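Enquirer: Let me begin by handing over the structure; questions about it come next.
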Amino acid sequence: LLNVSCSIIKNRLRDIGLQSFEVSANTTQKTIDITFTDKVDVNEILQLITSKGKIGFYETYNRLDVIKLLEKEDKLFSILNIPLENSEIDNSSAILGYCKLQYKSQVDSYISKYYVSKPDQGIKYLWSESANKDGNYFLYLLKHQAAMDKSQILETVVVKQPDKTDHSDLMINFNNNGALVWQNLSKNNIGKPIAMVVDNVVYCAPKLMEEINNGKAIISGNFSIKEITHLKSLIDNGELPLEFRLKE
């Protein structure tokens, strides 16, 4: 498993343009050792080294339908901003509410204690990958099982945004099976968001406006070229079979 992980990490790093490095498995310490010849900011590539790279596309729940099920005195309203009407949150979206980074763990603890569903059932509560301009993270309402996964992706292509030189989109081309599933998924979810999830965080959740029969999906947003390139590398290469953390 260490050797398989080494191969995946090597390919991820090469995909973003790095060449001068060595990756080796240390079976005694049960670690992977990575040595860079050139100066590299490890924090900028940490995701490619430690992320499992699990990709999923999820159907979502309507936020207002879920809010109606909450009691008015529910403590969740005091630890998570849950607006009934908000210009930043479309009422038909899958965003239950939002909060600052320091309150996320408190929200997670409360939900895991009072809103636990049966295994593989109920709502899957996941946070946005990054904060908005005000420093808020959004909590999404997803169906528990992924509708699609990485095995249904044929290839990905970085597409530069013509009006923004430092931002890019990512075009995903599905294989034959994926294209059929994506077509049915889009047909059954017109007017609803579909969330793309990477390692249990929501990268984006665009609303589907029509049935998509060309086997393609566009990941668009305020993503820098570096962010999209890293995302492409995670999608294009395998899922790490082990959990890793940075040791030194």
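Enquirer: Going by the structure shown, is Leu141 in contact with a helix residue (DSSP H, G or I) (Cβ under 6 Å, 6 or more places away or on another chain) and closer than 30 Å to Gln102 by Cα?
Expert: Against the criterion (in contact with a helix residue (DSSP H, G or I) (Cβ under 6 Å, 6 or more places away or on another chain) and closer than 30 Å to Gln102 by Cα), Leu141 qualifies.
Enquirer: Being among the acidic types (Asp, Glu) and open to solvent by less than 70 Å² (accessible area, probe 1.4 Å), is that true of even one residue in region 124-136?
Expert: No; the residues of region 124-136 include none that is among the acidic types (Asp, Glu) and open to solvent by less than 70 Å² (accessible area, probe 1.4 Å).
Enquirer: Let me ask something else about it. Please indicate, with yes or no, whether at least one residue in region 37-59 is over 17 Å from the mean Cα position of the chain (by Cα), among the hydroxyl-bearing types (Ser, Thr, Tyr) and not in a helix (DSSP H, G or I).
Expert: Yes - at least one qualifying residue is present in region 37-59.
Enquirer: Kindly establish whether Thr28 is out of contact with any Pro (no Cβ under 8 Å at 6 or more places or on another chain) and open to solvent by 90 Å² or more (accessible area, probe 1.4 Å). Quick ask: steps written out before the conclusion?
Expert: Numbers: out of contact with any Pro (no Cβ under 8 Å at 6 or more places or on another chain): yes; open to solvent by 90 Å² or more (accessible area, probe 1.4 Å): yes.
The answer is yes for Thr28.
Enquirer: Same structure, new question: Among the residues of region 72-128, write down those that are β-branched (Val, Ile, Thr) and touching a residue at least 24 places away in the same chain (Cβ under 8 Å).
Expert: Answer for region 72-128, where residues must be β-branched (Val, Ile, Thr) and touching a residue at least 24 places away in the same chain (Cβ under 8 Å): Ile79, Ile89, Ile95, Val107, Ile111, Ile123.
Enquirer: Residues Gln145, Gln102, Gln47, Gln106: which one is out of contact with any Pro (no Cβ under 8 Å at 6 or more places or on another chain), at pLDDT 95 or above, surrounded by 11 or more Cβ atoms within 10 Å (Cβ to Cβ) and not hydrophobic (A, V, I, L, M, F, W, C)?
Expert: Going through Gln145, Gln102, Gln47, Gln106 in turn, just one is out of contact with any Pro (no Cβ under 8 Å at 6 or more places or on another chain), at pLDDT 95 or above, surrounded by 11 or more Cβ atoms within 10 Å (Cβ to Cβ) and not hydrophobic (A, V, I, L, M, F, W, C): Gln106.
Enquirer: Please determine, by comparing only the residues of region 52-67 that are at pLDDT 95 or above and open to solvent by less than 20 Å² (accessible area, probe 1.4 Å), which one is farthest from Tyr125 (Cα to Cα).
Expert: Per the stated criteria, the residue is Gly53.
Enquirer: Test Leu170 against the criterion of being touching a residue at least 60 places away in the same chain (Cβ under 8 Å) and in contact with a helix residue (DSSP H, G or I) (Cβ under 6 Å, 6 or more places away or on another chain), and give yes or no.
Expert: The answer is yes for Leu170.
Enquirer: Which ones in region 158-200 are part of a strand (DSSP E or B) and of a type in the set (A, V, I, L, M, F, W, C)?
Expert: Scanning region 158-200 gives Val158, Val159, Leu170, Met171, Ile172, Phe174, Ile194, Ala195, Met196, Val197, Val198.
Enquirer: More than 17 Å from the chain's Cα centre (by Cα) and small (Gly, Ala, Ser) - does that describe any residue in region 125-145?
Expert: Within region 125-145, one or more residues are more than 17 Å from the chain's Cα centre (by Cα) and small (Gly, Ala, Ser).
Enquirer: Quick check, is Ser51 touching a residue at least 24 places away in the same chain (Cβ under 8 Å) and touching a strand residue (DSSP E or B) at 6+ places or on another chain (Cβ under 7 Å)?
Expert: The answer is no for Ser51.
Enquirer: Counting only residues that are touching a residue at least 60 places away in the same chain (Cβ under 8 Å) and not in a helix (DSSP H, G or I), which one in region 218-240 is most open to solvent (accessible area, probe 1.4 Å)?
Expert: Glu239
The values are calculated or read from the model by the stated rules, or taken from the named source; none is laboratory data. Here the structure is a predicted model, which means the values were calculated and not measured. For neighbour counting, all protein chains shown are included, and Cβ atoms are generated from backbone atoms with ideal geometry for every residue, glycine included. When the accessible area is computed, the model is the full protein with side chains, heavy atoms only, and any ligands, DNA or RNA have been set aside. Shrake-Rupley method; radii C 1.70, N 1.55, O 1.52, S 1.80 Å.
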